[in-house]
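The values are calculated or read from the model by the stated rules, or taken from the named source; none is laboratory data. Just so it is clear, the model here is predicted, and its values are computed rather than measured. Quick reminder, even Gly has a Cβ in these numbers, built from the backbone with ideal geometry, and neighbours come from all protein chains shown. Calculation scope for accessible area: heavy atoms of the full protein, side chains included, ligands and nucleic acids excluded. Shrake-Rupley method; radii C 1.70, N 1.55, O 1.52, S 1.80 Å.
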Amino acid sequence: MSVPELTHESKGTAAPAQMCSVRLGDGLFGIPITHVLEIVGGARPQPVPLAPRFVGGLVHYRGDVLTTVSLRHLLDLPPREGPQDILVVESEGRCFGLLVDGVGEVLVVSPEDYEPNPSTIDEKKRKFFAGACKLREGLMVLLDPALLDPMRLVKTT
């Protein structure tokens, strides 16, 4: 996981971590804020013919072309009509966009609130999750940015 400080082994020794919270349908997900470069609201990526299904399209970003990953597709959720928000994510020296329904606030989570993935999660979805954090209002599923990188997804999907 990209946030090694949030493990049961490190409880009591690690500092809290900051997570950018995002919504996807009724679910709340978190991605380490250290990997988020920017939030682009209301984007409409251009489709890419013959691209893998997880590719949400291409967007013009600061003079470059950025590939976006559809988190909805990866989690087997129906497509969403209309604009979505894009998290511009950096992982392993590369940037990509992560399409989400909406971006929330930055939440501070402590290692004491971390829980590993339960064995009951579907294997296809589990490979994108890095555990969960207990919040007052429910659970926030943690996403591992390295596992969502389109270059890595091409090799594993």
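Just so you know, in the stretch 4-50 the residues that are polar (S, T, N, Q), over 17 Å from Leu147 (Cβ atoms) and open to solvent by 40 Å² or more (accessible area, probe 1.4 Å) include one that is modelled with the highest pLDDT, and it is Gln18.
Taken over the stretch 113-136, residues that are out of contact with any helix residue (DSSP H, G or I) (no Cβ under 9 Å at 6 or more places or on another chain) and of a type in the set (D, E, K, R) amount to 5. Candidates Asp64, Asp113: the one that is acidic (Asp, Glu) and touching a Cys at 6+ places or on another chain (Cβ under 6 Å) is Asp113. Being within 10 Å of the chain's Cα centre (by Cα), without any contact (Cβ under 8 Å) to a residue 60 or more places away in the chain, part of a strand (DSSP E or B) and farther than 15 Å from Pro52 by Cβ, is that true of even one residue in the stretch 98-119? Looking for residues that are within 10 Å of the chain's Cα centre (by Cα), without any contact (Cβ under 8 Å) to a residue 60 or more places away in the chain, part of a strand (DSSP E or B) and farther than 15 Å from Pro52 by Cβ, one finds none in the stretch 98-119, hence no. Only residues that are of a type in the set (Phe, Trp, Tyr) and more than 17 Å from Phe128 (Cβ to Cβ) were counted across the stretch 43-98, and they come to 1. Quick check on the stretch 78-88. Is at least one of its residues free of Cβ contacts under 8 Å to residues at least 40 places away in the same chain, small (Gly, Ala, Ser) and surrounded by fewer than 19 Cβ atoms within 10 Å (Cβ to Cβ)? Checking the stretch 78-88: at least one residue is free of Cβ contacts under 8 Å to residues at least 40 places away in the same chain, small (Gly, Ala, Ser) and surrounded by fewer than 19 Cβ atoms within 10 Å (Cβ to Cβ). Within the span defined as the stretch 79-97, every residue fails to be part of a loop (DSSP other than H, G, I, E, B) and modelled with pLDDT of 90 or more. Considering each residue of the stretch 74-98, count those that are under 16 Å from Ala43 (Cβ atoms) and out of contact with any His (no Cβ under 9 Å at 6 or more places or on another chain), and give that number. Total meeting the criteria: 12. Is it fair to say Val154 is in contact with a strand residue (DSSP E or B) (Cβ under 8 Å, 6 or more places away or on another chain) and either in a loop (DSSP other than H, G, I, E, B) or aliphatic (A, V, I, L, M) (or both)? Here the answer is no, as Val154 does not meet what is asked. The residue of the stretch 56-73 that is surrounded by the most Cβ atoms within 10 Å (Cβ to Cβ), among those that are among the hydrophobic types (A, V, I, L, M, F, W, C) and assigned to a strand (DSSP E or B), is Val69. Within the stretch 99-129, restricting attention to residues that are surrounded by 17 or more Cβ atoms within 10 Å (Cβ to Cβ) and in contact with a Ser or Thr (Cβ under 7 Å, 6 or more places away or on another chain), the residue that is farthest from Leu28 (Cα to Cα) is Pro111. If I filter the stretch 65-77 for residues that are at pLDDT 90 or above and farther than 21 Å from Lys127 by Cβ, do I get at least one hit? Within the stretch 65-77 (the criterion being at pLDDT 90 or above and farther than 21 Å from Lys127 by Cβ), the answer is yes, since at least one residue qualifies.
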